[in-house]
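Structure record follows, encoded as structure tokens.
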């Protein structure tokens, strides 16, 4: 195919990048622009977009992107922002020739030059995971150990009507907005049952379509246990749950000062609802939030990451009917199933905030760290 030019994103290339995204993943140009803006231009952890491009005769044919996540590990350890691998795609006619590997190497060299020592990946596909570990120097650092309730979440014939509606939502911007308004009014979709409670209370749990960033951040600040975890300040929480790819619902326990919250996420076109984040120091409050989500939501299938759950938390999920995805007939090799670490200076200090990232016990993982949630 000839030579390629590797370059870093500049505003003049935004339209071409979004056209490339639409060709790779689908969706309208307008939707892809909204997603790009959210992820790469508004992330409060990230001063500049880290989007790396391969051009062929001036056309974008390859993309490898990173986005920033701020981590903490207790009040004495401070915080650090690390790049996390996200969107990647090579256009048809340019695949299977080493372009992805060359573009990835270009990205890693730029990140190293900017002073980063580690890159994380929470959304590797099965094929990408194998290639990354075998040939690109990435190291495994644990797995999600996904827990599911009600099956693996795969589409069924009974979901056909809902999937068709949501697929049209994705492609047609006007139809997408109007369709969502109609579905909210009619309580259609994965959150239909829960939305009948939105704005009200099923004592002592309140359901909302909007986060309460200040109260959530204050509660999260009390809950550290020394493990590496997502740093959740108000600005980050405001940004995090504006991802245009997904719908979110929030369950709150307590009054103005929260003593517990739980965040639910649904992907357009799917029946599965994910528990992507929660905090509740009191075990009884945690169990109450989970029970409220199940009883009010009446979800057909749910999932969360079990890797970082303590014995007590795991017991609550087990008692509610959750089990490892393999037991439910699903596969643990889906997106986000395994986590990867890339050391940009193999001879440097491997630790992050004094913790060994290759030791799974160093992490407190939540689905909210992944761009696929």
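The table that follows gives values for the structure above.
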| item | result |
| --- | --- |
| Yes/no for residue 88 being over 17 Å from residue 370 (Cβ atoms) and either touching a strand residue (DSSP E or B) at 6+ places or on another chain (Cβ under 7 Å) or surrounded by fewer than 20 Cβ atoms within 10 Å (Cβ to Cβ) (or both) | no |
| Sole residue being more than 19 Å from residue 370 (Cα to Cα) and at pLDDT below 95, chosen from 33, 5, 48 | 48 |
| Complete set of residues in region 348-368 that are in a loop (DSSP other than H, G, I, E, B), under 28 Å from residue 261 (Cβ atoms) and more than 20 Å from the chain's Cα centre (by Cα) | 353 |
| Residues (touching a helix residue (DSSP H, G or I) at 6+ places or on another chain (Cβ under 8 Å), farther than 18 Å from residue 24 by Cα and surrounded by fewer than 22 Cβ atoms within 10 Å (Cβ to Cβ)) located in region 57-72 | 67, 70 |
| Qualifying residue in region 320-327 (condition: surrounded by 21 or more Cβ atoms within 10 Å (Cβ to Cβ) and either more than 29 Å from residue 211 (Cα to Cα) or in contact with a helix residue (DSSP H, G or I) (Cβ under 8 Å, 6 or more places away or on another chain) (or both)) | no |
| Per-region count, region 95-121, residues at pLDDT below 90 and in contact with a strand residue (DSSP E or B) (Cβ under 8 Å, 6 or more places away or on another chain) | 0 |
| Filter result for the condition that a residue is touching a residue at least 24 places away in the same chain (Cβ under 8 Å), more than 19 Å from residue 243 (Cβ to Cβ) and assigned to a strand (DSSP E or B), over 81, 61 | 61 |
| Test: residue 338 is in the same structural domain as residue 76 (by TED's automatic domain parsing), within 14 Å of residue 142 (Cβ to Cβ) and modelled with pLDDT under 90 | yes |
| Verdict on residue 92 being at pLDDT 95 or above and within 23 Å of residue 17 (Cβ to Cβ) | no |
| Verdict on residue 175 being at pLDDT below 75 and either under 25 Å from the mean Cα position of the chain (by Cα) or part of a helix (DSSP H, G or I) (or both) | yes |
| Filter pass, residue 341 being touching a strand residue (DSSP E or B) at 6+ places or on another chain (Cβ under 8 Å) and in a helix (DSSP H, G or I) | no |
| Test: residue 33 is part of a loop (DSSP other than H, G, I, E, B), surrounded by fewer than 21 Cβ atoms within 10 Å (Cβ to Cβ) and out of contact with any strand residue (DSSP E or B) (no Cβ under 8 Å at 6 or more places or on another chain) | no |
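The values are calculated or read from the model by the stated rules, or taken from the named source; none is laboratory data. Quantities reported herein were computed from a predicted structural model and do not represent experimental measurements. Don't worry about glycine lacking a Cβ; one is built from the backbone with ideal geometry, like all the others, and counts go over all protein chains shown.
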